[in-house]
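These notes concern the structure reproduced below.
The values are calculated or read from the model by the stated rules, or taken from the named source; none is laboratory data. The structure presented is a predicted model; accordingly, all values stated were derived computationally and were not measured. Ideal geometry is used to build each Cβ from the backbone, glycine not excepted, and the neighbour counts take in all protein chains shown.
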Amino acid sequence: MPVSSRARPAAALVLVSTLAALGLGPAASPAVAANIPVGAGSYSDTRPPGTSGPTTNTGTPVTPKVTEAARNEPVPTNDWWSSLAFQRYGDNPYSTPMYGHPLTYQATSGGLEVGYPTTPAIVGEGRQYEYAHKADLTLGLTGLNSPDTKADSWSDWTVTPYWSDGARTLRTTIGHGLPFVYAKGSGGDARITTAGAPTVFADDGNVLGITVAGHHYALFAPTGSDWSVSGSTVTAGLGAKDYFSVAVLPSTDALATYRKYAYSFVTGSEVSWSTDAGTVRATYRLTTQPQEGTETGTLQALYRHQWLHTTDALTPYTYVSPRGTMKVREATSFTTSQQGSGVLPALPAAGGVDRARLKGYLDEAANAADPFSGATDTYWTGKALGRLAQLVPVADQIGEGATRDKLLGLLKGRLEEWFTAGGASEFSYDKQWKTLIGYPASYGSDTELNDHHFHYSYYVYAAAIVAQYDQAWAADSNWGSMVKTLVRDAANPSRTDADFPFLRGFDVYAGHSWASGHQGFAAGNNQESSSESTNLSAALVLWGSATGDTRLRDLGGYLLATESEAIAQYWFDADQEVFPSSYGHDTVGMVWGSGAAYSTWWTANPEEIHGINVLPVTGGSLHLAREKDAIRRNLAEMERENGGPAVEWRDILWEFEALADPAAAKAKWDAGGAAYTPEAGESRAHTYHWIATLDALGAPDVTVTGSLPTSAVFSRNGVRVYAAHNFGATATTVTFSDGTTLDVPARSTATR
């Protein structure tokens, strides 16, 4: 269950041109409130009566807190720094703590607090570890007293906060992996206020090395300036210049290396990706501009999920972070390469499935009095859509065409209701925040812009299953345009779309998504259900494959491969190298900017703490099988904490176990039979099919990948089974990384 915590632009021509560029067709441009046609569907350009958009915590409407230069730019909510732009608290017009790693930050009236937490605290009765922000120093200008801090510009993983009090102006550029803070100011001297009297270990006029709270910093002023230390205040005149920088050093002897890049200011960041024959490559690149001299290189610290998958040279320098050791690279870019994560619309047919029994379970789901279980809001409607969509290819697989078509009808009907403005449920565009909000909303998806990637993942997944069987329905001129509009809101691949930000929920450098739209917490941003995030990535693979949209297919492949590794390392501690040694848990339910917690937003029930990062179980969940030992540790801990086997979410956890030990999961299913209440997004039909199929085929073997994104391998007693689904209109041959080939007829699944 996700709890964490887009619409017309001002100029109709912008929307029309954007829609046309994406093949979504023309849009109306009325001068008053209206429904905007998109293909066969529509959304509204105003909220339904009685509903709310983004607000402060007391319910006061709030608009983006950005400078005039950024006024028309789509604001990337759900980021590590979003509190700069989304003022969640009326009495804090600056920011809450922001966790860039290795540095942490918080904006204040006098400038930017900077910290480097290196010692974890275990809090919350042992359930949470955190490297909480604590200011070692505050970077600013003499006399600066700004009434607020705004976001002035941003890129894929950097942001530039802005302060002005009328007489003085300050901009700083900060980001993930940046050991430097780059500052540009006017109207006053550079001023560094330290948490205590600093110890000076190096003094060369405009370059000063100081130690504060056990952490080493280097201060760089323009050539010709001189730093002056008076108690806990350090100042330097800028003369005719406007720049200075501060770096956190891994050690005092690193000063010479860091000095080389002190004036090569980072001005932007961008990731690019590609997929080829089962391999996903991504390049992370910084742009720089020298303030003096000609040096354009830089230093950047890589997270564990990145340096595990790069062959680029790294320095001996390292930093502490809540995500384990960060390693430093001396260059403006690095490239990662990792195996893709195969996605199937459903597990393939297997001999271990009792078709008569499966048919009974399918009939139970398809013929329910209310197949949507009373769902009205975006999240619970999504869960119901996902539950029914999982059963469509299963019914088709055993020849139950009537059941398949009935399920497809249910999916189409409910999707079309939501994709048509003016009814009891609709999507509405907020032109100030440039976001598409579904009403009825839930869990702060409206007031806090929470969880859009969670909620919309189910709609895209269900639409992908419909597209597999009815391509006409998914055409842009029909309902496909509304699906793409939801994608543009939650996971927009475009940086030039004037109506939605680039990858709203996904933090490309952190390697995973964030759930809170405003990031307004002392612990930074957070994400609980990483698996509902990867549900969107897997849905993009399926939707892109079913509709021939290779751009969205490959986007999904990049997001899934990247977040899969982040989940393994930061939620499940697969290598047992991330969680502090003093932390007494093998898995966490939530990751925070400052650390992680063995908890959820709504319950302390161990079954749900463990299960929330598994559901929904689909053909996009196979990536979890990469770390089978972590699955075993995870489930063992659940039983210890639970005081016995799962009861409430037994189906989710059985399915999880089947990814590592299908026989054990099958034994539990056989012992318990069907005498349980399925989790809200699950059904007996799907759980039985999943467990019985894996028991017959074996657990996923993710050491072998296929040339088609919709392929997978299973292994039982040393025997591999190769599977792939071909969405294309002609037969294709899939080549696997072990040399095996598989011929797959058009629009079908094949196994070998």
Fill in: Of residues in segment 104-150 being over 18 Å from residue 194 (Cα atoms), of a type in the set (Ser, Thr, Tyr) and over 25 Å from the mean Cα position of the chain (by Cα), the one surrounded by the most Cβ atoms within 10 Å (Cβ to Cβ)
149
Worksheet entry | strands (runs of 3 or more DSSP E) (entirely within segment 704-752) containing at least 3 residues that are under 18 Å from residue 347 (Cβ atoms) and touching a Ser or Thr at 6+ places or on another chain (Cβ under 9 Å) | 711-716, 719-726
Discussion item. Let me confirm something: among 188, 196, 177, which residue is over 28 Å from residue 118 (Cα atoms) and part of a loop (DSSP other than H, G, I, E, B)?
Written reply: 188
Worksheet item: Any chance segment 596-616 includes a residue that's over 21 Å from the mean Cα position of the chain (by Cα), buried (at least 22 other Cβ atoms within 10 Å of the Cβ) and closer than 29 Å to residue 712 by Cβ?
Response: no
Practice prompt. Please specify each residue of segment 511-522 satisfying the condition of being crowded, with 24+ Cβ neighbours inside 10 Å and of a type in the set (A, V, I, L, M, F, W, C).
Written response: 514, 515
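May I ask you to list the residues in segment 165-181 that are farther than 20 Å from residue 97 by Cα and touching a strand residue (DSSP E or B) at 6+ places or on another chain (Cβ under 8 Å)? Even if it seems obvious, please write down each step before you answer.
Taking segment 165-181 and keeping what is farther than 20 Å from residue 97 by Cα, we get 165-169.
If the condition is that a residue be farther than 20 Å from residue 97 by Cα and touching a strand residue (DSSP E or B) at 6+ places or on another chain (Cβ under 8 Å), then 168, 169 are the ones that fit.
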Worksheet item: For the subset of segment 626-636 comprising residues that are touching a Phe, Trp or Tyr at 6+ places or on another chain (Cβ under 9 Å) and assigned to a helix (DSSP H, G or I), which member is surrounded by the most Cβ atoms within 10 Å (Cβ to Cβ)?
Response: 634
Worksheet, complete the sentence: (1) more than 20 Å from the chain's Cα centre (by Cα); (2) closer than 17 Å to residue 76 by Cβ all hold for residue 410 apart from (2)
Discussion item. Quick check on this structure: which one of 541, 588 is within 30 Å of residue 89 (Cα to Cα), crowded, with 23+ Cβ neighbours inside 10 Å and out of contact with any Cys (no Cβ under 9 Å at 6 or more places or on another chain)?
Written reply: 588
Discussion item. So in segment 634-674, with the set limited to residues that are under 13 Å from residue 606 (Cα atoms) and either charged (D, E, K, R) or touching a strand residue (DSSP E or B) at 6+ places or on another chain (Cβ under 9 Å) (or both), which one is modelled with the lowest pLDDT?
Written reply: 648
